[in-house]
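Reading through the C-alpha cells given below for one structure.
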Amino acid sequence: MWDYTDKVLELFYNPKNQGVIEATNEPGVKVATGDVGSISCGDALRLHLKVEVATDKILDARFQTFGCTSAIASSSALTEMIKGLTLDEALKVTNKEIADYLGGLPEAKMHCSVMGQEALEAAIYNYRGIPRVAHDDDDEGTLVCTCFGISENKIRRVV
Amino acid sequence: MQKNCIYLDNNATTKVDPEVIEAMLPYLRDFYGNPSSMHTFGGQLAKAVSTARKQVAALLGAEDSEIVFTSCGTEGDNAAIRAALLAHPDRRHIITSQVEHPAVLNVCKQLESQGYQVTYLSVNHQGQIDLNELEASLTGNTALVTLMYANNETGVIFPIEEIGARVKEYGALFHVDAVQAVGKLPLNMKTSTIDMLTMSGHKIHAPKGIGALYVRRGVRFRPLLIGGHQERGRRAGTENVPGIIGLGKAAELELLHFEEATKRERKLRDRLEQTLLATIPDCEVNGHPTQRLPNTTNIGFKYIEGEAILLHLNKYGICASSGSACTSGSLEPSHVLRAMGLPYTTLHGSIRFSLCRYTTEAEIEQVISVMPGIVEHLRSLSPFKSD
Amino acid sequence: MQKNCIYLDNNATTKVDPEVIEAMLPYLRDFYGNPSSMHTFGGQLAKAVSTARKQVAALLGAEDSEIVFTSCGTEGDNAAIRAALLAHPDRRHIITSQVEHPAVLNVCKQLESQGYQVTYLSVNHQGQIDLNELEASLTGNTALVTLMYANNETGVIFPIEEIGARVKEYGALFHVDAVQAVGKLPLNMKTSTIDMLTMSGHKIHAPKGIGALYVRRGVRFRPLLIGGHQERGRRAGTENVPGIIGLGKAAELELLHFEEATKRERKLRDRLEQTLLATIPDCEVNGHPTQRLPNTTNIGFKYIEGEAILLHLNKYGICASSGSACTSGSLEPSHVLRAMGLPYTTLHGSIRFSLCRYTTEAEIEQVISVMPGIVEHLRSLSPFKSD
Ligand SMILES: Cc1ncc(COP(=O)(O)O)c(C=O)c1O
Ligand SMILES: Cc1ncc(COP(=O)(O)O)c(C=O)c1O
Ligand code: FES
Ligand code: FES
C-alpha cells in the first residue's frame, strides 16, 4: 500500500477545483487548456485556466484527471497553488513544490506530480500560442512510471 | 489498527479459520519439539505431521506420500519447474501462458536467459488459451508444460485435463499452479493427468508461511531446498509443524464446506456482478462468463483508474484489489488483462472482488450500494468521460 | 501426548517464547491481510513487518534494508550460496568445511556435480579449521567461502573475522551460517567481514517456518525464490506476517536476555559437563574447551551407543540428541565427529546437551543424577567394555 499523507488523502477524497472552465465571452478574460498523458498509459490530466489578459493573472484553475490517488491529489493541489499567480509565477511551480504542498508523495509516485507541472506548462504555452519542445525528462529522474514513459512520446498529442 | 472490514480480497489472502488457529496453538505453545528427534517429545510430532499430510492428500484426492510441504505457493511453483527440468535433462523447451502468476512467469523468464526456449501461450478476450496453439507448440523437446488451474485476477479456468491429455502424448511433465483452484474447484489427482500441483495455505484459510506441492508417485523429483532428509528428501529444513497442522486442518475444513460454500459464493458473486453491471454504465466483466471460479469477479469500469476506486472503497472499509499492479509496487497495468487484449479504456480501471465462505449478503449489498456513487464521482473528475 | 520434559535439545529447536506467541496472535487472528494490498486492512501490515525487520537488524547490528525474511535456515543457506555464485559468474571454486550443516554441505555436493570445484576444509580433533589450509585454498577463482559460525553438534566456534579478512583479500564472497550463533554470541555486522549471514527463527524461540538472511548492502543478490516483488525483490512469496512478527519479537528478546542468559547457560552447562566427566569413567568432551557456544556440550561415552542412551534419558523425560544421525533417518555416525577424527569407541556414543534460557538448575541436577546409572547399565550390556 502506498504511504499517502493525510493531505493527499484529503484532496483525493474531496478534490478542489475539479471540472472544466467553459470558454467565455467575458471581455479581458481568456480560457486555455493543457493536456498531458493519455488514457492508454493510465495517467492523464487536463488543466483549464482562466486568465485575466491585462495582468496575466490566473483567475481560476480547474482540472480533470484520469489517474491514481496521487494524480488526483496533485492536480487538486496544483490548481490551489496557482490561483492568483501570474503565468510567469505559475511557470516556476515545480513538481517538487506540488509534492511538498501534499506533505510528500511516495517515491514511486513522484511522476504523478510531474504530470501536473507539465499540464500547466502546456496550458500556458497554448495560451501564448508557443509550440512546446519536448524536453528530455524530469529532474526527479530515477523512478519514472513506465506508463509515463509511453506518454513521454505521445505527450503533446491531444487525447 | 483496522481490525474489521468487508473483506473481498480473498484471492490475495484469506482469514485464518479460528478452528485452524485452535488446532495450531498446542503446537506453537507446548509441542515445540523437532519431529526428527529421537525423544518422544519431538518424535511424537511426526504422527501429527502425518495426519496433516493425510488431510491435505484427501483434499486433492492424492496419496499421503505424494504431498510435500513447502513454505508458500511461490516455493511450490519454483520447485516444481526446477524439478521437471532436472527430470528431463535432455529437453530444453517449456510451455506456459502469458497470464501465469509471477511465481511461474518470472522463473520461466530466468530460464530463457539460461538457454531454455519458452513458449508463452496467448489468451483470447475471455482469458482462454487455444488448444490448437498448445498442440502446435508441443514437441519432443518439451520438458514441461506449466499452466495455472485458475487465474488469480480473473478467475478464468483452463481446461486442465484436456491440456494434460495432449501433454502426455509428448512425454512432457505437466505442472499445474492450483493456488487459486484448491478449495474452489473439485480436484482428484487419482484420475488426473497432472504430474505436479502447487497449493498455498493462506489462500484456503490456513496461515501464511505454509504450502504444499503434490508430486505424482513415480515422477522423478529433486528438491529445490537442499539439506536434511525432511519430507523424505524432497524439501529440506526443519518442518514448520504448527503451519503443517494448520494446513491439514484447513484442508479438512475446505472439504467439509466445499459444496455449500462454493454454491453460496457463486450466488453472492453473481448478485454482485449482475447488479453492478445493471446499475453502472460502461462497465463489463473481464474473463469468461462461465469458465470461472465461483468466488471471483473482475469488472472493468471505463474512464477511471483502479487505484482511485480502491481508495474510495477503502474509506467504506471495503477491501478489493485492482487489476492494475500499481498495487504491488510496479506501476504497469496487469499483465493478465493486457494479454487478454482489453481496451485501454478499461485496462486501468479494473477491480477484482474475491469472496470466501465468510462473505455475507449484507457485505455484498454494501458494495452494491456504494459502487455506483464512487464510479460516478471519479468519472466526474475524468477528462475522458465527456469525450 | 507428552507435554513436559527436561528439554536439553535446544540446538535442534527451541520452545517458542510465550511473549512471541502473544505478539503473533493478533496477526494470526485479526490482521490476516496481505501487506502488499492497496487497502488499509492489508497495507497496515507493511508497518508491522518493518518494525520486525528493525528488531532483527538490531540483533545482528545490521541495517533494516539488509534483512531478507526467509522460511528457514536451510532456505537462507541455499539462497546465499546460489546468489554468491551468480554474483561471481566467472569464478568456479567454493570453500567450505567438512563439518557444515547439510543445508550447506549438500548444496556444495550438488554444485560439484554441476562442475564447481569445492574445497572441504578439514578440522582437527577439537573441531577447528586450520587458517593455513584456508589460505592455501583461496585463489582468484574462489567465488564463495561458506562456513558456519558455530557448529550445531559440538558448539565449536570458527574464528569468523580472521577467516573473513583472508577471504576479502581474494575478492570472494563470505557467507556465514550463523543459525547456531545468533542469540548465543554477540554479532555486529557493521564491523564484520561477513557478506551474507543465515539465521533461523526456531533456534531462538521464534516459531518454525521463519528465518532471515542478512545481505550486506552492495552485495549483488539474486533471489532463490522467484516471483512477486516481496522483500524488495529478494524473496518472492506472500510474506509470512505472523512468523515475521514472531521473529522480530524473538530477536528483541534475545537481545534483552543476552548477557544474563548466556552467563547462566554457561554456568549450568559447565556444571553439567564437569560433573558428568567427574562421575562417569571413560568419557570426554567432543570439541574445543573454550572456543565453544556457552549452551552446548557434546560428550562421548565410550563403548556404548548413543541411541540407547537417548532412549534411557527419554524414559526420564530428558530430551537430548545424539551425535549419531541415526536420529535423522540416516544410519551413519555424525559427519562432524568423524571429521574430527574421533575414535570409533566414542563416535557412536556421543550425546549433545544443548541448553537455553529456560533451563533450570533442577533440570541439570536431574540429568547429573541419572546419567551415571544409564551409562553403567548400558556398559554392562556391552561386549567392548571388558576388552
Ligand atoms: C548450523 C545449522 N545450519 C542450518 C540449519 C538449518 O536450519 P532450518 O532447520 O531452520 O532449516 C540448522 C538447524 O537445523 C543448523 O543447526
Ligand atoms: C495463481 C497463484 N500462484 C502462485 C501464488 C503465490 O503464492 P504465495 O504468495 O503463497 O507464494 C499466488 C498468490 O499470490 C497465486 O494466486
Ligand atoms: S498516475 Fe499515479 S501511478 Fe500512474
Ligand atoms: S544398530 Fe540400529 S541403526 Fe545402527
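The values are calculated or read from the model by the stated rules, or taken from the named source; none is laboratory data. For clarity, every value in this text was computed on a predicted model and none was experimentally measured. Methodologically, a virtual Cβ is constructed for each residue, glycine included, from the backbone with ideal geometry; neighbour enumeration extends over all protein chains shown.
Would you confirm whether or not the stretch C:241-260 contains a residue that is within 13 Å of chain B (Cβ to nearest Cβ), in a loop (DSSP other than H, G, I, E, B) and either in contact (Cβ under 8 Å) with a residue 40 or more places away in the chain or closer than 11 Å to C:T70 by Cα (or both)?
no
With B:L25, B:L8 as the choices, which residue is more than 30 Å from C:L224 (Cα to Cα) and crowded, with 24+ Cβ neighbours inside 10 Å? Don't jump to the end; show me each part of the working.
Numbers: B:L25 fails: crowded, with 24+ Cβ neighbours inside 10 Å.
Being more than 30 Å from C:L224 (Cα to Cα) and crowded, with 24+ Cβ neighbours inside 10 Å holds for just one of B:L25, B:L8, which is B:L8.
Exactly one of these conditions fails for B:E100: (1) more than 14 Å from the chain's Cα centre (by Cα); (2) within 14 Å of another protein chain (Cβ to nearest Cβ); (3) charged (D, E, K, R). Give me its number.
All conditions pass for B:E100, except number (1).
State yes or no: is A:E121 away from ligand 3 (no atom under 15 Å from the Cβ) and at pLDDT below 95? Give the steps one after another, and end with the answer.
Numbers: away from ligand 3 (no atom under 15 Å from the Cβ): yes; at pLDDT below 95: yes.
Criteria met by A:E121.
Of everything in the stretch C:206-217 that's more than 9 Å from every other protein chain (Cβ to nearest Cβ) and assigned to a loop (DSSP other than H, G, I, E, B), which residue is nearest to B:G209 (Cα to Cα)? Please lay out each step first, then the result.
If we filter the stretch C:206-217 for residues that are more than 9 Å from every other protein chain (Cβ to nearest Cβ), which is where we start, we get C:206, C:212-217.
In the following step, the residues that additionally are assigned to a loop (DSSP other than H, G, I, E, B) were identified as C:206, C:216-217.
Numbers: C:A206: 14, C:R216: 25, C:R217: 26 Å.
Filtering first and then ranking leaves C:A206.
For the stretch C:272-327, which residues satisfy the criterion of being within 30 Å of C:F258 (Cα to Cα), in contact with a Cys (Cβ under 7 Å, 6 or more places away or on another chain) and more than 9 Å from chain B (Cβ to nearest Cβ)?
Correct list: C:L276, C:L277, C:N295, C:I299, C:G300.
Give the residue, chosen from C:K15, C:K47, C:K54, that is within 27 Å of B:I318 (Cα to Cα), surrounded by fewer than 21 Cβ atoms within 10 Å (Cβ to Cβ) and not acidic (D, E).
Matching residue, one of C:K15, C:K47, C:K54: C:K47.
Quickly run through the stretch B:1-13 and pick out the residues that are part of a loop (DSSP other than H, G, I, E, B) and more than 7 Å from chain C (Cβ to nearest Cβ). It would help to see each step written out before you state the result.
Looking only at the stretch B:1-13, we keep the residues that are part of a loop (DSSP other than H, G, I, E, B), and these are B:1-5, B:8, B:10-13.
Scanning the stretch B:1-13 gives B:N4, B:L8, B:N10, B:N11.
Residues to consider are B:R222, B:R166; find the one that is in contact with a Leu (Cβ under 7 Å, 6 or more places away or on another chain) and either free of Cβ contacts under 8 Å to residues at least 40 places away in the same chain or under 17 Å from B:A251 (Cα atoms) (or both). Step through it out loud before you land on a result.
Details: B:R222 fails: either free of Cβ contacts under 8 Å to residues at least 40 places away in the same chain or under 17 Å from B:A251 (Cα atoms) (or both).
None of the others qualify; the one that does is B:R166.
Working only within the stretch A:28-40, note down all residues that are more than 13 Å from the chain's Cα centre (by Cα) and over 20 Å from A:G129 (Cβ atoms).
Listed by number, the residues that qualify are A:S38, A:I39, A:S40.
Give the residue, chosen from C:L111, C:L138, C:L59, that is modelled with pLDDT of 95 or more and in contact with a Leu (Cβ under 6 Å, 6 or more places away or on another chain). Spell out the reasoning first.
Details: C:L111 fails: in contact with a Leu (Cβ under 6 Å, 6 or more places away or on another chain); C:L138 fails: in contact with a Leu (Cβ under 6 Å, 6 or more places away or on another chain).
Every option except C:L59 fails the conditions.
Would you point out the residue of the stretch C:143-158, among those that are within 14 Å of chain B (Cβ to nearest Cβ) and assigned to a strand (DSSP E or B), that is nearest to ligand 3 (Cβ to nearest atom)? Talk me through it step by step, then tell me what you get.
Our first condition is that a residue be within 14 Å of chain B (Cβ to nearest Cβ); within the stretch C:143-158, this holds for C:146, C:148, C:152-153.
Cutting the leftovers down to assigned to a strand (DSSP E or B) gives us C:146, C:148.
Details: C:T146: 42, C:M148: 46 Å.
Within the stretch C:143-158, the match that is nearest to ligand 3 (Cβ to nearest atom) is C:T146.
For residues that are more than 7 Å from every other protein chain (Cβ to nearest Cβ) and among the polar types (S, T, N, Q), scanning just the stretch B:33-58, find the one that is farthest from B:G248 (Cα to Cα).
B:S50
Quick check on B:G300: is it under 24 Å from the mean Cα position of the chain (by Cα), within 16 Å of ligand 3 (Cβ to nearest atom) and closer than 27 Å to B:Q128 by Cβ?
Values: under 24 Å from the mean Cα position of the chain (by Cα): yes; within 16 Å of ligand 3 (Cβ to nearest atom): no; closer than 27 Å to B:Q128 by Cβ: yes.
No: the conditions fail for B:G300.
Every residue in the stretch C:202-217 that is farther than 18 Å from C:V145 by Cβ and out of contact with any Cys (no Cβ under 8 Å at 6 or more places or on another chain), please. So that I can check it myself, show each step before the final result.
Of all residues in the stretch C:202-217, those farther than 18 Å from C:V145 by Cβ come to C:202-212, C:217.
The answer is C:K203, C:I204, C:A206, C:P207, C:A212, C:R217.
Restricting attention to the stretch B:313-344, which residues are farther than 30 Å from C:R234 by Cα, at pLDDT 90 or above and either within 16 Å of ligand 2 (Cβ to nearest atom) or touching a strand residue (DSSP E or B) at 6+ places or on another chain (Cβ under 9 Å) (or both)?
Going residue by residue through the stretch B:313-344, those that are farther than 30 Å from C:R234 by Cα are B:313, B:315-318, B:341-344.
From the residues that got through so far, the ones that are at pLDDT 90 or above too are B:313, B:315-318, B:341-342.
Answer for the stretch B:313-344, where residues must be farther than 30 Å from C:R234 by Cα, at pLDDT 90 or above and either within 16 Å of ligand 2 (Cβ to nearest atom) or touching a strand residue (DSSP E or B) at 6+ places or on another chain (Cβ under 9 Å) (or both): B:L313, B:Y316, B:G317, B:I318, B:L342.
If you scan the stretch B:189-205, which residues turn out to be away from chain C (no Cβ under 12 Å) and not in a loop (DSSP other than H, G, I, E, B)?
B:M189, B:K190, B:T191, B:M196, B:L197, B:M199, listed by residue number.
Please state which one of B:A150, B:A143, B:A181, B:A206 is farther than 17 Å from B:D77 by Cα and more than 16 Å from ligand 1 (Cβ to nearest atom).
Values: B:A150 fails: farther than 17 Å from B:D77 by Cα; B:A143 fails: farther than 17 Å from B:D77 by Cα; B:A181 fails: farther than 17 Å from B:D77 by Cα.
One residue alone meets the criteria, B:A206.
Of all residues in the stretch C:72-128, which are of a type outside the set (D, E, K, R) and within 16 Å of ligand 2 (Cβ to nearest atom)?
Selection gives C:C72, C:A79.
Within the stretch B:71-80, can one find any residue that is of a type outside the set (S, T, Y) and not in a helix (DSSP H, G or I)? Outline the logic, then answer.
Within the stretch B:71-80, the first condition is being of a type outside the set (S, T, Y), and the residues that meet it are B:72-73, B:75-80.
Still in the list and also not in a helix (DSSP H, G or I): B:72.
Yes.
In this structure, does B:G155 turn out to be touching a strand residue (DSSP E or B) at 6+ places or on another chain (Cβ under 6 Å) and at negative phi?
Working: touching a strand residue (DSSP E or B) at 6+ places or on another chain (Cβ under 6 Å): yes; at negative phi: no.
When the stated conditions are applied, B:G155 does not pass them.
State all residues of the stretch B:28-44 that are under 16 Å from C:L313 (Cα atoms) and either assigned to a helix (DSSP H, G or I) or aliphatic (A, V, I, L, M) (or both); if no residue qualifies, say none.
Result: B:M38, B:T40, B:F41, B:G42, B:G43.
Considering C:D77, C:D30, C:D64, which residue is within 25 Å of C:L355 (Cα to Cα) and either charged (D, E, K, R) or within 14 Å of chain A (Cβ to nearest Cβ) (or both)? Full working, then the answer.
Working: C:D30 fails: within 25 Å of C:L355 (Cα to Cα); C:D64 fails: within 25 Å of C:L355 (Cα to Cα).
That would be C:D77, the only listed residue that is within 25 Å of C:L355 (Cα to Cα) and either charged (D, E, K, R) or within 14 Å of chain A (Cβ to nearest Cβ) (or both).
Residues that are more than 16 Å from ligand 2 (Cβ to nearest atom), touching a residue at least 12 places away in the same chain (Cβ under 8 Å) and of a type in the set (F, W, Y), at least 2 per element: which strands (runs of 3 or more DSSP E) completely within the stretch A:22-81 meet that? Talk me through it step by step, then tell me what you get.
Working: elements: A:29-38, A:43-52, A:57-66.
Hits in the stretch A:22-81: A:57-66.
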